[in-house]
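Below is one structure, written out as C-alpha cells; the observations come after it.
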Amino acid sequence: MTGPVTSRRSVVAAGAVGLTGLLGACGSETGGGEGGGEAGERLGAASDVPEGGGRVFDGQRVVVTQPAAGDFRGFSAVCPHQGCTVSEVRDGTIDCLCHGSKFAIEDGSVVQGPATEPLTAREVTVSGEDIRLA
C-alpha cells in the first residue's frame, strides 16, 4: 500500500489549527471582547433596573445593577472566563450561564468560578429616568 505518509506532528498541528478556528467561532458567536456601547448612549430606564438586582443590555454588552436604592453600577456583560455574554442578574449575582460563573452585583467580583477575574467596570450615569454610558 503506497500513499502519503502523515507524521504525528502534522496531525497534532492540524488538530490545533482546527481547534483554534472552532474556539474563535465560539468567541464571535458569544460576543467576545469587552462591552460595547458609546459614551452618552442611552441604555434604558432606571425603573427597568430593580433594587437589589440588575439588567443585561445585550445590544451594548453592558450590565447595570442597583445594589441599593439609587446606587447604579455598570459592568461589561462579557464574561472574562471565555467571552460569553452574561445572561441574567438573579439573587444578588450577575450570572454567566455558559460555564456557571457568578459575579457580585456590588462590584463585579467573582462569587463563583470558573472565572478568576472580575467583570470590567463601565461608567454609567442616571439622569432623570435615563441610564446612559458615561
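The values are calculated or read from the model by the stated rules, or taken from the named source; none is laboratory data. Worth saying up front: this structure is predicted, and the values here are computed from it rather than measured. When we count neighbours, we look across all protein chains shown, and the Cβ atoms used for this are built from the backbone with ideal geometry, even at glycine. The area values use the complete protein model at the heavy-atom level, side chains included, leaving out ligands, DNA and RNA. Shrake-Rupley method; radii C 1.70, N 1.55, O 1.52, S 1.80 Å.
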Task: Accessible surface, segment 49-134, averaged per residue in Å² (probe 1.4 Å) - done: 47 Å²
Task: Within-10-Å neighbourhood charge of Pro67 [Cβ basis; K, R +1; D, E -1] - done: -3
TODO: Place a +1 charge on the Cβ of each Lys and Arg in segment 53-134 and a -1 charge on the Cβ of each Asp and Glu, then give the dipole magnitude about the Cα centre in debye, rounded to the nearest 20.
DONE: 140 debye
